[in-house]
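Structure first, then comments.
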Amino acid sequence: MTDTIMHETKTHGKLSFPFIVYRGNIPEYICSYPLHWHDEMEIIYVEKGCGTVIVPSGKYVLQTGDMIIIPPQTVHSIEQFENRPMEYFNILFQFSLLIDNPSDNCYEKFFLPFYQHTKIFPSYLNTNDKLNQLLLPYVTDLIENRKQSNTGYELMVKSNLFAIMHYLNQYSTPSNHMELSLQNTYDKLKKLLLYVKENYNHTITIPQAAAICGFSESHFMKLFKELTGKSFTQYLKDYRLEIASRKLLETHDKIIEISENTGFPNHSYFSRSFYAKYGVSPSAYRKNTHQ
């Protein structure tokens, strides 16, 4: 059983070919994927339904045909919208797949600025956006041929990704002072997210959280709500409940032990909170899923 990941360090795909396409289904696979970041560029394409994705530029409700492009090292999350399901694909790849020499002029001009966030492109692309329509043939080809069974698979992947990067560069603009400042704020937030990952089973107060980010308490509470769409207290509770739900499925630990080990010393409060989030009691959640 692994804790909910903040900074993903695993390789998506193979070390020799860092590219992969995942199929996601909310809530069948997961109810949400809390705030996290990784070194890969990510493309989320909604095949059916709708769901919520939070990125630095805002909180978006994606519907069928929409996509969102997430640069490397960008904090983001995926959540269920109301009680509606969402079927989607995640395309993840590292820039090294396309250009393995960081000193290459092409890398410095067209890739590095996205990694350093000194250039940005529109993240949320609804189905009617021109950029969505330009990217769609290449995204669709990557999804439809994700099984790696075709001759020339690697060439197909690279050609599509180069085309995608070409259009993203065409639609990109230099980051302004406000956008760079926002990225700096998210970098500070990453320290807190890692602290939560390592200490979620202990008490974490607002003053502690604010100090880790280097903000006053009032500024921290306002900023965290603006960046994530929820208060830090609610985020921490949801994070603990996500871990508790996984422990219920992946271990045989007693429910009261799971409650205590995920930061809920009050078992009654844990049960009420779990029911409010998942619509069933912890025991029913474990029983229904194992049937």
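Computed quantities for the displayed model
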quantity: Crossing angle, helix 177-199 versus the chain [Cα axis fit, 0-90 degrees, rounded to tens]; calculated: 40
quantity: Mean separation of Cα contacts under 8 Å (6+ apart) over length of segment 148-291, as relative contact order %; calculated: 16
quantity: C-alpha center-to-center spacing [segment 232-272, segment 161-210] in angstrom; calculated: 26
quantity: Distance (nanometres) between label positions extended 7 Å along Cα→Cβ at VAL61 and GLN148; calculated: 3.8
quantity: Convex hull volume per residue for the chain, taking Cα atoms only, in Å³; calculated: 144
quantity: Estimated distance in nm for a label pair at GLU82 and HIS219, the labels positioned 7 Å out from Cα along Cα-to-Cβ; calculated: 3.9
quantity: Heavy-atom surface of the chain, accessible at 1.4 Å and reported per residue (Å²); calculated: 50
quantity: Extension reserve of the THR251-GLU108 stretch, reckoned as 0.36 nm per residue once the Cα distance is removed; calculated: 46.8 nm
quantity: Between 0 and 90°, nearest 10: helix 267-278 axis offset from the chain longest Cα axis; calculated: 40
quantity: In degrees, nearest ten, helix 153-170 long axis to first principal axis of the chain (Cα); calculated: 90
quantity: Point-to-point label distance, LYS130-THR118, nm (Cα→Cβ direction, 7 Å offset); calculated: 2.7
quantity: Where Rh is the Kirkwood radius over Cα pairs, Rg/Rh for segment 69-109; calculated: 1.17
quantity: Nearest-0.05 FRET efficiency for LEU194 and ARG272, computed from C-beta distance (R0 22 Å); calculated: 0.15
quantity: Estimated Rh, segment 166-291: Kirkwood, alpha-carbon pairs, angstrom; calculated: 16.7
quantity: Cα-based Rg of segment 59-190 normalised by 2.2 N^0.38 Å, two decimals; calculated: 1.13
quantity: For segment 236-283: relative contact order, % (alpha-carbon pairs under 8 angstrom, 6 or more apart); calculated: 32
quantity: Cα gyration tensor of segment 227-291 - equivalent ellipsoid semi-axes, whole Å, descending; calculated: 20, 13, 11
quantity: Normalised contact order of the chain, rounded percent, pairs of Cα under 8 Å and 6 or more residues apart; calculated: 16
quantity: For the chain, size of Cβ-based charge dipole, Lys and Arg +1, Asp and Glu -1, in debye; calculated: 620
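The values are calculated or read from the model by the stated rules, or taken from the named source; none is laboratory data. Here the structure is a predicted model, which means the values were calculated and not measured. Positions of Cβ are generated from backbone atoms using ideal geometry, with glycine treated the same way; all protein chains shown enter the neighbour counts. All accessible areas refer to the heavy atoms of the entire protein, side chains included, with ligands and DNA or RNA removed. Shrake-Rupley method; radii C 1.70, N 1.55, O 1.52, S 1.80 Å.
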